[in-house]
Amino acid sequence: MNLSRKLLGQHLFEKLMKMTFYGQFVAGEDQEAIKPLIQRNRAFGVGSVLDYSVEEDLTPEEAERKEMDSCTSASEKETGGATQREKQYLAHRGFGDRRDRVISARTYFYADETKCDQHMEAFLRCIEASGGSSEDSFSAIKLTALGRPQFLMQFSEVLMKWRKFFHQMAAEQGKAGLAVMETRLEVKKLQETLANLGIATKAESQHWFTGEDLGVSGTVDLLDWNSLIDSRTKLSKLLLIPNMKTGQLEPLLSHFTEEEDLQMKRMLQRMDVLATRALELGVRLMVDAEQTYFQPAISRLTLEMQRKFNMEKAVIFNTFQCYLKEAYDNVTMDVELSRREGWHFGAKLVRGAYMEQEHARAAQIGYEDPLNPTYEETNEMYQRCLDYVLEEIKYSQKVKVMVASHNEDTVKFTIRRMAELGIHPSENKVYFGQLLGMCDQITFPLGQAGYPVYKYVPYGPVNEVLPYLSRRALENRGFMKRAKRERELLWNEFKRRLITGSLFCNPSH
């Protein structure tokens with residue numbers, strides 16, 4: 001708490017202890033304590049996404065030390081480096097404090113397995129509070145709170161290298177430049193390539209592509225290819241990558257300790273416990289997106305949860321960051337997989353919370369920037385992904401999306417497209433989401449108009465939530481200086497109520 005006090009200044013710190021964003025926040029891990037806020041918002045047609053927002057009050061040096069230790073494997077510590085690894089998927093000291101240049105996203109640093117269990121228990125209480133306070137609630141989780149981030153980085157690198165390998169083979173078959181879901185490899189040619197490289201004999205690869213109906217059409221697409229990677233296997237077998245130069249499947253690291261393998265399994269077990277409880281209580285679980293060097297693994301593990309828990313309804317929602325160059329490919333692949341396998345697709349679309357940090361990291365470390373170069377291109381990507389999902393919703397009963405945006409133009413675009421496609425708000429297939437204390441001029445009119453809309457509500461013991469809230473308060477202080485639009489709307493509404501004699505609003509819900 002001392003760091004939060006220094007960051008905010010004594011006056012703002014004391015004010016935050018009594019209230020938070022615009023006097024709306026009620027912190028606590030007691031269902032009764034959080035109910036008044038949830039019920040008040042519900043009276044105006046606004047639901048809640050309970051967001052466990054506890055952060056350790058670490059100095060930048062402490063955060064950096066924890067990150068470097070938890071993102072480096074035992075074998076890398078022994079050898080003093082990882083020369084064969086991709087730079088993007090290695091921890092770098094200059095970016096060890098993941099809070100740097102990030103305001104609106106809470107951040108977890110790995111301490112030990114006991115701390116991860118404590119986070120799981122806190123997420124469980126959050127899920128139970130969501131289920132006990134409202135019938136249509138969400139709860140949000142972050143996977144970096146549930147395990148050692150080393151594995152998320154390693155698994156992300158494996159997924160990226162297998163995807164790159166697929167596209168290299170596609171280029172060899174003259175399929176370069178096609179849209180991701182239009183790229184299909186001919187199985188016979190693929191088997192020849194794998195045999196020539198020494199990666200697998202024709203007999204071995206034949207077994208790959210006959211299991212689970214893979215390759216029955218004579219071709220393999222990226223979804224078929226991805227399904228060859230089983231996230232439930234032993235870690236040491238999971239982290240194998242193809243080496244085009246040597247023609248061998250090689251381990252990403254020289255060796256893994258038994259404890260490292262157990263730590264990966266525990267992360268998966270914690271995810272399973274949370275998803276099971278959410279399903280039991282009828283709470284939808286939002287898995288938040290994180291940095292790009294973690295995100296491929298986070299998305300893949302979330303996908304595995306969706307395949308298991310979304311058979312009857314959308315319980316697990318994945319988050320898609322539209323500032324990524326590959327955002328559209330990611331959305332279309334997951335939608336297509338849900339079609340093929342018959343489960344319910346649930347998504348949250350965001351622009352992305354790590355833009356400044358990601359641009360700086362790519363430039364400084366020296367790898368291709370995974371983000372769209374401009375904000376305008378990110379807006380275009382957001383609308384493209386959103387329009388694709390809305391089109392899917394028109395024809396499917398198994399697709400739901402949350403439009404998580406503070407952008408008025410994005411909200412207006414969504415409402416217009418819903419009307420054009422005949423998607424009525426009462427169908428509860430399209431949700432809107434904003435952070436508590438921000439853009440109320442968007443949230444509450446949507447709720448009053450009958451659109452499903454939600455506020456992200458920080459949840460947790462006040463003292464432990466303060467490190468996160470202090471950064472959010474600084475953001476909101478700057479935000480208020482620029483909020484000319486909101487002030488104008490508030491003033492116009494105040495004058496309208498004075499003229500009509502309806503100064504106090506009676507919510508219609």
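Every number in this text was worked out from the coordinates using simple rules, so none of it is lab data. Keep in mind that this is a model prediction, so the values were computed, not measured. Here the Cβ positions follow ideal geometry from the backbone for every residue, glycine too, while neighbour counts run over all protein chains shown.
The listed peptides 314-320, 350-356, ordered by packing as a protection proxy, come out as 314-320, 350-356 (highest mean of other Cβ atoms within 10 Å first). In this structure, Ala74 and Asp387 have a Cβ-Cβ separation that, at R0 = 51 Å, corresponds to a calculated FRET efficiency of about 0.65. Each residue, Tyr375 and Glu259, gets one label point 7 Å from its Cα in the Cβ direction; the gap between the two is 4.6 nm. Note on the stretch 57-158: Cα convex hull, mean projected area over all directions, 8.2 nm².
Rg over Rh for the stretch 388-473 works out to 1.07, using Cα positions for both radii and the Kirkwood form for Rh. Ordering Gly342, Thr414, Leu371 by the projection of their Cα atoms onto the charge dipole of the stretch 291-419, which places +1 on the Cβ of Lys and Arg and -1 on the Cβ of Asp and Glu, puts Gly342 at the extreme positive end. The calculated Kirkwood hydrodynamic radius for the stretch 287-435 is 15.8 Å, given to one decimal from all distinct C-alpha pairs. Here the label points at Gln397 and Ala195, each 7 Å from Cα along the C-beta direction, are separated by 4.8 nm in the simple model. Over all projection directions, the Cα-based convex hull of the stretch 412-457 averages an area of 3.1 nm².
Which entries in Lys308/Lys455; Lys429/Lys455; Lys115/Lys348; Lys398/Lys429; Lys313/Lys394 show an alpha-carbon gap greater than 20 Å? Flagged as over cut-off: Lys308/Lys455; Lys115/Lys348.
Model label sites at Tyr367 and Asp329, defined 7 Å from Cα along the beta-carbon direction, differ in position by 1.5 nm.
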